[in-house]
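Student: There's a structure below that I have some questions on.
The values are calculated or read from the model by the stated rules, or taken from the named source; none is laboratory data. The shown structure was predicted, so the numbers you read here are calculated from the model rather than taken from an experiment. Methodologically, a virtual Cβ is constructed for each residue, glycine included, from the backbone with ideal geometry; neighbour enumeration extends over all protein chains shown. These accessible areas exclude ligands, DNA and RNA; they are computed on the full protein's heavy atoms, side chains included. Shrake-Rupley method; radii C 1.70, N 1.55, O 1.52, S 1.80 Å.
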Amino acid sequence: MDLLELSLGALRSHRLRSALSMVGIAIGIAAVLLLTSIGEGTRRYILTQFTQFGTNILAVNPGKTDTLGIPGVLGGTTHKLTLEDAEAMRRVAGVDKVVAVAMGQARVEAGQRGRSVPLFGVTPEMPEVWKFRVRQGSFLPAGDLRRGAPVTVLGPTLKRELFGSENALGKFVRAAGFRLRVVGVIEPKGQMLGYDIDDCAYVPVATAMRMFNLDELIEIDVLFHHERLADSVARGITRRLTQRHGGREDFTVTTQTAMLETFGNIMDVITLAVGGIAAISLLVGAIGILTLMWIAVGERTGEIGLLRALGASASQVHRLFLAEAAVLAGLGGVVGLVAGLGLAALLRAAVAGLPVYTPLEYVLAALVVSVCTGLLAGVLPARRAARLHPIEALRAE
Amino acid sequence: MIRLEAISRTFVVGTEPVHALRGLSEHVRPGEYVAIMGPSGSGKSTLLHIIGCLDRPTAGVYRLDGETVSELDETALTAIRREKIGFVFQSYHLVGRLDAAGNVELPMVFAGVPRGERRSRAAAALEGVGMAGRTRHRPHQLSGGERQRVAIARATVMRPAILLADEPTGNLDSAAGQQVMAVLRRMNAEGLTLVVVTHDPDVAREAERVVVLKDGRVGRRLTGSELPASGSGK
Ligand SMILES: Nc1ncnc2c1ncn2[C@@H]1O[C@H](COP(=O)(O)OP(=O)(O)OP(=O)(O)O)[C@@H](O)[C@H]1O
Ligand SMILES: [Mg+2]
């Protein structure tokens, strides 16, 4: 502790020089902190986008591909995903709810106003599976899936565009030559990956298939009882569907966990790469400290000789210079930390929606890293100081 | 008790050996006051460094209080320097960024003396050299004689048995030099073994014994009173 005080005194006697070499580390730490914060912020942003549907959910798409690939490009002759497939999944162990999805784009009109939006054909369990809430009225009525009642539930953006603040319940809209009665309006969900998911309409899946003349589903979403069941449910569904498709696995089952994992891995690599680039500036800072300390040892050779004559051991001299480098870098780290956090806050304020997030671990890690950087940078100069022969050092005056 | 038996110290400069000490033998009893004189380059400083465990002899045996110092490793030598020996240099060697008290505290920092005790011992040591009022002064705010007295306080604050001084008055005028020597004399009277390298016969005359070096050996041994009287020495 007292040696540390001596180190501090030495640094204080060269304020400008110490400050300048601190700047190097500060810039490095600020850069690392800022860039990893943006990386981590992006990860969290996208994660929440995904997990708003929950983690106990999986999706079945036609065609066989790997996770996150484009379904259907590799498969030769594939069976289509049908409503019957969706019905069959309901009986797989662990499955709670099933949503069959068909989709088309259509101009939806009410009176003079109209708007081209995606129309989702879904089954009545959709709100529970996709974590949507109905704001007004009710969701699509339960009943025979194949019947396809001419009703619709509007996304809040579409409702506002068509009806303004008027009540839409019970009113009729036209789409693709069909006349649909509005039975509900769902609550706003906001953006998903920059895409307004409130600007659409939902109809019974059979209605959508008839409207757009479809004979297949684009997706079947399955909600199961617990996240733990992901693997067993995925296997059960694969088995059942393979059976139904004549022994062919011509579809893709994607669990949310698998998707998040893949995504997490990608983000890890990106964060690492970005952090690595920033770490280079940290390295430059470290070299600055090394240089400064090396020069300091040269300048203070006489002092080192004196300290040895006064009974300082070689290892005490070693620690003295190591501590000096560590303090220098540690202070630089604190400055960099403050600068980095400040810049992050500024960025958040300046660029709305830019996801910047700094976990506490990053802050602590930045401090530890800066001190360690100093220790590493101090090793060579400290060793040089400790190895000086006391007499040679004294003579250097 | 300092016992030097046939001590040699050879430096190698390039490929040339430089013989600073050539088989020097000398004993110093506890509490003695010995002056070392001799022409420039005769090996006085080298001898002092060896006595002070800052340097090792190339050949010969050095015993300090019965311990064969010439066989010890660096760690043990550091401990001896810390506990038994104080150094005073011609050019003071004060640390410029520390005030007088800070300089005097230095050896205690390395010995692990707790802060409170350090403070009081440093104050006492400075008082002992007549510098009680200047503890907060930095070296550049002190005169040469004052600096040297701070250096003496620093060298003795660990209460060593031996004080080694290499031309302690070499940079001082005679008045300041006499003040410094008065301090050393008093410490010697209190039991401190004193070995002083000097060119100044007036300084050497105060010693019980004078050892005159010549070419790395003892040339002559005198008592202080045997020295020729002279005017002012530098
Ligand atoms: N580190 C060294 N490397 C090479 N030669 C040295 C070294 N130290 C001392 N010498 C040589 O050893 C000899 C004795 O040096 P020393 O410093 O002991 O002399 P001195 O008696 O103290 O002289 P002075 O009165 O000028 O201080 C000199 O010739 C000097 O050049
Ligand atoms: Mg000398």
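Student: Tilt of helix B:144-156 relative to the longest C-alpha principal axis of chain B, in degrees (0 to 90, nearest 10)?
Tutor: Helix B:144-156 and the main axis of chain B meet at about 80 degrees.
Student: Just to verify a number: what accessible area does A:Glu303 come out at with the full protein assembly present, 1.4 Å probe, Å² rounded to tens?
Tutor: Looks like 30 Å² after rounding.
Student: Also, quick follow-up: Counting pairs of alpha carbon atoms under 8 Å apart in space and at least six apart in sequence, what relative contact order in percent does chain B give?
Tutor: On the way: 476 pairs, mean separation 62.8, N = 234.
Relative contact order comes out at 27 percent.
Student: For an R0 of 56 angstrom, estimate the FRET efficiency from the Cβ-Cβ distance between A:Arg179 and A:Leu272 and round to the nearest 0.05.
Tutor: Approximately 0.50, to the nearest 0.05.
Student: Also, I was wondering about something else. What distance in nm lies between label points placed 7 Å from Cα along the C-beta direction at B:Ala124 and B:Ser174?
Tutor: In this crude label model, B:Ala124 to B:Ser174 measures out at 3.7 nm.
Student: How long is the gain from B:Val12 to B:Arg115 if the chain were fully straight, where each residue apart is worth 0.36 nm and the alpha carbon distance is subtracted? Don't jump to the answer; show the numbers that get you there.
Tutor: Values: separation 103, 0.36 × 103 = 37.08 nm, distance 4.30 nm.
Computed gain between B:Val12 and B:Arg115 is 32.8 nm.
Student: For B:Arg185, A:Arg12, A:Arg308, A:Arg147, write out the residues from largest to smallest accessible area, computed with a 1.4 angstrom probe and no ligands counted.
Tutor: A:Arg147, A:Arg12, B:Arg185, A:Arg308
Student: Compute the FRET efficiency between A:Glu187 and A:Ala345 as 1/(1 + (r/R0)^6), taking r as their Cβ-Cβ distance and R0 = 35 Å, and round to the nearest 0.05. Display every interim value, and only then the final one.
Tutor: Details: r = 31 Å, r/R0 = 0.89.
Given R0 = 35 Å and the Cβ-Cβ separation, E is 0.65.
Student: Treat each spin label as a single point 7 Å out from the Cα along the C-beta direction, and report the A:Arg146 to B:Ser40 distance in nm.
Tutor: If labels sit at A:Arg146 and B:Ser40, their model points lie 11.8 nm apart.
Student: For the full complex of protein chains and a 1.4 angstrom probe, list B:Lys44, A:Lys97, B:Lys214 by accessible area with the highest value first.
Tutor: Sorted descending by solvent-accessible area, the residues read B:Lys214, A:Lys97, B:Lys44.
Student: Would you mind computing, in nm to one decimal, how far apart the modelled labels at A:Leu260 and B:Arg97 are, each placed 7 Å from Cα along Cα→Cβ?
Tutor: Computed distance between label sites A:Leu260 and B:Arg97 equals 5.2 nm.
Student: Kindly state, to the nearest 0.05, the FRET efficiency for A:Arg44 paired with A:His225, given R0 = 25 Å and r defined as their beta-carbon distance.
Tutor: So, using R0 = 25 Å, E works out to roughly 0.40.
Student: Counting only other chains, what is the mean number of Cβ atoms within 10 angstrom of the Cβ of each residue in peptide B:99-110?
Tutor: Mean inter-chain Cβ contacts per residue within 10 Å come to 4.
Student: Amide H to amide H under 5 Å from A:Ala106: which residues, 5+ apart in sequence or cross-chain, H placed 1.01 Å off N in plane?
Tutor: A:Val117, A:Leu119
Student: How far, in degrees from 0 to 90, does helix A:2-12 lean away from the longest principal axis of the Cα atoms of chain A, to the nearest 10?
Tutor: 90 degrees
Student: Show which lysines lie in cross-link reach of A:Lys131 when reach means a straight Cα distance below 16 angstrom and same-chain residues fewer than eight apart are skipped.
Tutor: A:Lys97, A:Lys189
Student: In peptide B:42-55, what is the residue-averaged number of other protein chain Cβ atoms found within 10 Å of each Cβ? Walk me through the numbers before you get to the answer.
Tutor: Details: counts 0, 0, 0, 3, 1, 0, 0, 5, 1, 0, 3, 3, 8, 5.
Mean partner-chain Cβ count within 10 Å for B:42-55: 2.
Student: Translational diffusion coefficient of the protein assembly as shown at 4 °C, 1.567 mPa s, Stokes-Einstein with Kirkwood Rh over Cα pairs, in µm²/s as a whole number.
Tutor: Rounded to a whole number, D works out at 41 µm²/s.
Student: State to the nearest 20 debye the size of the charge dipole of the stretch A:79-249 about its Cα centre, where the only charges are +1 on K and R beta carbons and -1 on D and E beta carbons.
Tutor: Working: 26 positive and 21 negative charges, 74 e Å.
Dipole of the stretch A:79-249, to the nearest 20 debye: 360 debye.
Student: What is the set of long-range amide H partners of B:Tyr33 at a cut-off below 5 Å, with H atoms built 1.01 Å from backbone N?
Tutor: B:Leu194, B:Glu208, B:Arg209
Student: Same structure, new question: Check which residues have an amide H placed less than 5 Å from A:Lys171's amide H, if you skip close sequence neighbours.
Tutor: A:Val182
Student: A:His14 label point, 7 Å along Cα→Cβ, cut-off 12 Å on backbone N: hits in the stretch A:286-310?
Tutor: Counting backbone N atoms under 12 Å from the label point, the list is A:289-301.
Student: Then there is this: Please report the antiparallel percentage of the DSSP beta bridges confined to chain B, to the nearest 5.
Tutor: The antiparallel fraction comes to roughly 55 percent.
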